[in-house]
Each structure stands twice: as C-alpha cells, then as structure tokens.
Amino acid sequence: MMKEQTRLIRSQAAKSACREHSVPLYLTSSFTFEDAQQGAAIFAGELEANVYSRFSNPNTSEFVRKVCELEGADEGVAFASGMAAVYASFASFLRAGDHVIACRSVFGSSIQLLARFLPRWSVNTTFVDALDPGGWETEIRPQTKMIFLETPSNPGLELVDLDWLGRLKDRYPHIILNVDNCFATPYLQKPLDYGIDIVSHSATKYMDGQGRVLGGVVVGKRELISEVKFFARHTGGAMSPFNAWILSKSLETLPIRMDRHCSNAHAVATMIENHRGVESVRYPFLASHPQHELAKRQMRLGGGVVTFVVKGGLAGAQRFLNSLKMISLTANLGDSRSIATHPASTTHCRLSAEEQQKIGINPGSIRISVGLEDIYDIINDISLALDNV
Ligand SMILES: Cc1ncc(COP(=O)(O)O)c(C=O)c1O
C-alpha cells in the first residue's frame, strides 16, 4: 500500500474524456442519465452515480476521499461550513430525551448549538472540564448518547486523552464519541485510531490554509456516516463544488504546511516564554504545558496556535495588538499569514467573564495563529510589540 502522503495526493476524481492532469471544477447542479432505465436504477440504489450536487459531486467526493485517507476513516460527508458539519454530527444521531456530555472548552458556536438550540428539541447537555476527566464518567446517564469535545481546545490549548476516551467506550459502547479535530488536523492527530466514532472539522482553517473558503466535513465509521449522509442529503448544507475544488488542492500540501506551522509556532512559543512582557504561555509541545506528556503521546507536533497572557490585562493586550506591524488582526486561524486575536473581546465575547475564566481566557489572553512567513519576521513583530506592553 502506498504511504499516506502519496495516497493523499494521488486520490483524485477519475479523469474526464479530456485527459486533464489537474482535476477540473465540476460546476453543475445535476448529472444526466444515459437513458430512463439508468435514471431509475440510480434512484433505486442499484447503481452508484452522481445525481444532484446536494447529494454528491466529483469535487466534493474527492475532497471527502482525501480527508478519509488522512483520518483513516471509511466514509465522510462534506458541508458548507464547519458549523454545518458540527450541527449535522449532532442532529443525525440525537433524539428528544437524549443527553450529551460536552467539553466546556469547545468552539463558541458549538456551545450555542448545545446550550440554546438542542434543548428546544429536548436534548440536554452537561458541560465538563477538559482538565477533570475523572468528572466525566460520573455525568454519564442511561440517556447519554454522545460525548463531544475538541483537543487541543480553542484558545486555552487544553487536551483530552483520546486513548482514555476510547477505552471509556468499552464500558459504554452505545455512546457516540464525537471529536472536532480542527485545531490539530488529521496530520497531527488521528482520533479514529483510538476508537473515536466520528470526527468533525472546520475545513475553513488548516485544510484551506490560505483563508479563502468555508467548508466542513464529518468522517468516521461507515454505519454512522450513512446516517450523516441521509441527514445531509435532505437538509441541504452541502459544500459547493468550487470550495471542494479549492480545499481538495490545498489538502495535498497539508502535511508540509503543518510541519512549518508547527516549527514556527514552537519557536514563537519558546521566545514568548522568555519575554518579560508575558505572564504565561500555553503551547502543547513546551515542557511547561501541564499536559505536555499527553501532547507528545497523541500529537505528532504541537500545532500552529500559541496562546499567552500579556502583563497589564485588557490594556496590555490592546497595546500589544495595536503595536503589531505585520501580523493580521482578524478572528480566523490556520492561514499562511500569521494572525493575532483577542479571544475575550472577539471570538469568545458572548461568554461571561466567569465562563471565559473556566476555559483559560482572561482579559490579557492573546491567541496567535502562527503562519508560514519567515520565522525571523514573525518573531521580530511579536517581540517588538511585546516590548510595548
Ligand atoms: C474548533 C472549531 N470548530 C468549528 C468551527 C466552525 O467552523 P466554520 O467557521 O467553518 O463554520 C471553528 C471556527 O472557528 C473552530 O475553530
């Protein structure tokens, strides 16, 4: 069998009659039938073929195939955004009366889904702390249907032990383990290897890698993904062929991009740790990270995000951000351009100060998505801005 990187690059949509080398963009809403009998056979499920781009399209299928190669998944479904994927990963399985256990530190919109929308359909969630896994099992009830988490979390970079979680499944086989693997990417971490059932992603981040398009994907075991496919087909959150075309091409370079994101981020974290303008820094591959050993066990490298607390609280954070000369101020991450974000006043501003504190955000917290620029320029920009704090 060919190696992962080769399979990633070489798993492509079949060549068209034009014998192109690079896969073309299939901008079409529907696909034709050779004759009436073929149309009937496809609809009867006797023949597998593209029918309509809400169900499947050569570009979205190629994108999904590549993600499956990386994650080690049987099958997957592509969505218009990461949140459409996360929502589908809930709605495909949860019914009135079901209970969910979710890590408190999951992405803000995932919290809104779990805390505000799902209760309308009588699905309730208990939020638990990443750093207190012992407390998770005591929250399991007969109605618990799903456990949902991110590791590393955003922006606190807290980890959950995937091996421990997979072993929990031995005792509770009916609970669906659902991991949002957006921050790590499947190049750095493969939750399915530990017995996790489904993995969801915002492809908008590192899978695109250049801040151009939105996308999401859910992958996992065949029997579970067939439920997600059914949900997706009838609710319509499909990824556009154009976005799939972009994302599919980007995935071919994900491993080499992640290697550079991680080495740049590690260098930034090391510099920040020694700067007098900083109170504390979090990066999974720094020895000072409280779960450093776990990070080394389940992640290939430390990831592209560094979170730190500047001295001087909100005023210090604002002075730092306003002193940056090159790094962009925006709320996205996973871009080739380095990005600085102030979670307390932007991405996580809907949370109360107490809720923010519980997931490791305080007024002086800064999240840097370390890009692919020359490391000298990234470090120079950050350290000069820190001098002004
Ligand atoms: C961990 C995580 N999951 C999901 C999402 C949502 O993705 P999208 O913005 O593509 O809908 C994000 C977006 O920032 C994220 O960081």
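The values are calculated or read from the model by the stated rules, or taken from the named source; none is laboratory data. Predicted model only: the values in this text are computed from it and were never measured. As a convention, Cβ positions derive from the backbone with ideal geometry for all residues, glycine included, and neighbour counts pool all protein chains shown.
Side notes on the structure shown:
- Checklist (1) within 15 Å of the ligand (Cβ to nearest atom); (2) buried (at least 16 other Cβ atoms within 10 Å of the Cβ); (3) farther than 30 Å from residue 314 by Cβ applied to residue 204, failing item: (3)
- Region 237-259, residues that are outside any helix (DSSP H, G or I), among the polar types (S, T, N, Q) and over 20 Å from residue 369 (Cβ atoms): 240
- Residues within region 84-123 that are of a type in the set (Phe, Trp, Tyr), within 23 Å of residue 226 (Cα to Cα) and either within 16 Å of the ligand (Cβ to nearest atom) or in contact with a Pro (Cβ under 9 Å, 6 or more places away or on another chain) (or both), tallied: 2
- Selection over region 209-224 of residues that are within 12 Å of the ligand (Cβ to nearest atom) and crowded, with 24+ Cβ neighbours inside 10 Å gives a count of 4.
- Condition met for residue 347 (at pLDDT below 95 and surrounded by 15 or more Cβ atoms within 10 Å (Cβ to Cβ)): yes
- For region 75-109, the set of residues classified as closer than 25 Å to residue 347 by Cβ and either out of contact with any Phe, Trp or Tyr (no Cβ under 9 Å at 6 or more places or on another chain) or modelled with pLDDT under 95 (or both) consists of 80, 81, 84, 104, 105, 106, 107, 108, 109, listed by residue number.
- Considering 180, 193, the condition of being surrounded by fewer than 24 Cβ atoms within 10 Å (Cβ to Cβ), touching a residue at least 60 places away in the same chain (Cβ under 8 Å) and in the same structural domain as residue 56 (by TED's automatic domain parsing) is satisfied by 193 alone.
- The residues of region 259-272 that are in contact (Cβ under 8 Å) with a residue 24 or more places away in the chain and out of contact with any Leu (no Cβ under 6 Å at 6 or more places or on another chain), listed by number, are 259, 261, 263, 264, 265, 266, 267, 268, 271, 272.
- Filtered residues of region 324-344 (kept if more than 18 Å from residue 157 (Cα to Cα) and over 20 Å from the mean Cα position of the chain (by Cα)): 324, 325, 326, 327, 328, 329
- So residue 165, is it away from the ligand (no atom under 16 Å from the Cβ), assigned to a strand (DSSP E or B) and crowded, with 20+ Cβ neighbours inside 10 Å: no
- Conditions (1) hydroxyl-bearing (Ser, Thr, Tyr); (2) over 26 Å from residue 186 (Cα atoms); (3) surrounded by 15 or more Cβ atoms within 10 Å (Cβ to Cβ); number of the one not met by residue 352: (3)
- Considering 138, 126, 144, the condition of being away from the ligand (no atom under 13 Å from the Cβ), out of contact with any Leu (no Cβ under 8 Å at 6 or more places or on another chain), of a type in the set (S, T, N, Q) and closer than 28 Å to residue 307 by Cα is satisfied by 126 alone.
- Test set (1) part of a loop (DSSP other than H, G, I, E, B); (2) surrounded by fewer than 19 Cβ atoms within 10 Å (Cβ to Cβ) - residue 303 fails condition number: (2)
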